[in-house]
Every structure is written in C-alpha cells, then in structure tokens.
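Reading through the structure tokens given below for one structure.
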Amino acid sequence: SFYDEEYTVKDLLKICSYYGLDKDIKTSKCKKQDIISTIVYFESLPENCEIVEKRNRMWAYITELLHDPKMKKFIIWN
C-alpha cells in the first residue's frame, strides 16, 4: 500500500496524532500494518472527509516548506 511504501512508523504516528488516534495506537502497541489499517479506516469514513482533506493540504504545505532552501531551516518536523 501507499502508506506502507512511502511512510515510516514515525510518519504514520504523526498522521495518527493529527487525527487524534495516537493514544489508541500507543495503548495497543500496534505494528506498522495495524497503524496503516487504522489510518485507512479513519480516512474512509465520510464524516472524516474534511479533516482528511485538511491534513493532506497541511502535509503538502510542510513538504513544500521543507523543499524550499530558504524556509527549510525554520521548520521543525520530527
């Protein structure tokens, strides 16, 4: 899957944190595939459409800032 190939566990946990799912993930001590399944399920629910769109937009902004030679030194993303 896209999440499995493109994201580390640390990156996936950032997404979970944005969605407010991080406590459940940490409590369950989930493996990477479990984290991905949780994110995919959350994002598939119609009632989460707006927050999913907003997260995608915010991640695109972060990516753009991190690739800008002048701005990247001001961005802490870890």
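Would you mind getting the accessible area per residue of the chain, heavy atoms of the protein chains only, 1.4 Å probe, in Å²?
Ligands and nucleic acids excluded, the figure is 75 Å² per residue.
222 nm [θ] for the chain, helices only, -39500 (n - 2.57) per DSSP H run of 4+, per residue, to 500?
It lands at -21500 deg cm²/dmol.
Within region 1-45, name every residue whose backbone N is under 19 Å away from a label modeled 7 Å from Cα of TYR61 along the Cβ vector.
Inside the label zone: 14-20.
Two-decimal Rg/Rh of region 24-78 from alpha-carbon positions, Kirkwood Rh? Don't skip to the end; give the middle numbers.
Details: Rg = 14.7 Å, Rh = 13.3 Å.
Taking Rg over the Kirkwood Rh, I get 1.10.
The values are calculated or read from the model by the stated rules, or taken from the named source; none is laboratory data. Keep in mind it's a predicted model, so treat the numbers as computed, not measured. FYI the Cβ positions are ideal-geometry reconstructions off the backbone, even for glycines, and counts take in every protein chain you see. Heavy atoms of the whole protein, side chains included, go into the accessibility calculation; ligands, DNA and RNA do not. Shrake-Rupley method; radii C 1.70, N 1.55, O 1.52, S 1.80 Å.
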